[in-house]
1. With θ taken as phi - 60° and the coefficients 6.51, -1.76 and 1.60, list the Karplus ³J(HN,Hα) couplings across region 24-39 in order, rounded to whole Hz; mark glycine and proline as x.
2. Under a Cβ-only charge scheme (Lys and Arg +1, Asp and Glu -1), can you give me the dipole magnitude of the chain about the Cα centre, in debye to the nearest 20?
3. Pull up all non-local amide H partners of SER58: gap of 5 or more, or a different chain, and H-to-H distance under 5 Å with H placed in the peptide plane.
4. Take every Cα pair under 8 Å in the chain that's 6+ residues apart, average their separations, divide by the length, and report that relative contact order as a whole percent.
5. Work out from phi, with θ = phi - 60° and the Karplus expression 6.51 cos²θ - 1.76 cosθ + 1.60, the ³J(HN,Hα) of each residue of region 189-196, listed in order in whole Hz, and give x for Gly and Pro.
6. Would you grab the residues whose amide H sits under 5 Å from the one on PHE111? Only those 5+ places off in sequence or on another chain, please, with H modelled 1.01 Å from N.
7. Find the relative contact order for region 122-240 and round it to a whole percent, using C-alpha pairs within less than 8 Å whose residues are 6+ positions apart.
8. Take every Cα pair under 8 Å in region 1-100 that's 6+ residues apart, average their separations, divide by the length, and report that relative contact order as a whole percent.
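Throughout, read-outs are computed from the coordinates displayed, never taken from laboratory work. This is a predicted model, so every value here is computed, not measured. All Cβ positions, glycine included, derive from the backbone under ideal geometry; neighbour counts span all protein chains shown.
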Amino acid sequence: MRYAILGDIHSNNEALRAVLADVERVGADRILCLGDIVGYGAEPGECIREIYTRRIDSVLGNHDSAVVGHTPLDWFNDYARAAVVWTAGRLSGEEKKYLSSLPLTGEYEGFTIVHSSLAAPAEWNYVTGIIEAMRCFECLTAPLCFVGHSHMPVIFRESGGITRHMEKAIRIEKNAHYIVNVGSVGQPRDGDPRAGYGLYDAGQMSVELRRVSYDVRKASAAIIAAGLPEFLALRLEKGY
Ligand code: ZN
């Protein structure tokens, strides 16, 4: 069984469509979403429809939660807050109902998915360093966990101690546990503007972190045209 695991789409339908086309090319039996379908970008409804109509399971992200009023706005910086307010004003009741229905975690064949961290998932902690990874590993019962939230692809391996890896492909060893951040579809922050997602092959026991080029200009132009903060368009072009 091969899983495509993607998240932090952030209303960037250009990036989402490019990633889904890449998934189709390389082949996956199932697609899962790590949340933050909306926020920042100009096409929230389009992204929700894509996830919903393709029956892609998704967990809840902090932006999804804020748009439906479940995470307070003071959690966010000015740009993010402006986008949350803009998004909330554009979504239909049905679309908001869908976002409200998303669970915080998901359990699959030997792995768990969560937007932020398994340590208090509704508190939206980032797993960027060893300490945060340790807290997440403490709550992990499966051998493997996929996370998003920081928009930075990274892999943590736990086997006695915890190590941090930047490789684009790894083999899952039987005696170790892993936390894999698959990066972001719609707003990468590692200096590479291409959309990011992960492929997990449960048979081969391998994870690959993939990058896909898309029409960044079109997505950033849509952000400007929508009247969203210009910074949100600029950061897409630079990938930060
Ligand atoms: Zn995000």
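1. 4, 5, 7, x, 8, 7, 8, 10, 10, 10, 8, x, 6, 5, 10, x
2. 340 debye
3. CYS33
4. Worked out over the chain, it gives 23 percent.
5. Karplus values, whole Hz, x for Gly and Pro: 10, 9, x, 10, x, 5, 5, x.
6. Amide H neighbours of PHE111: none.
7. Reported as a whole number, the value is 21 percent.
8. It rounds to 27 percent for region 1-100.
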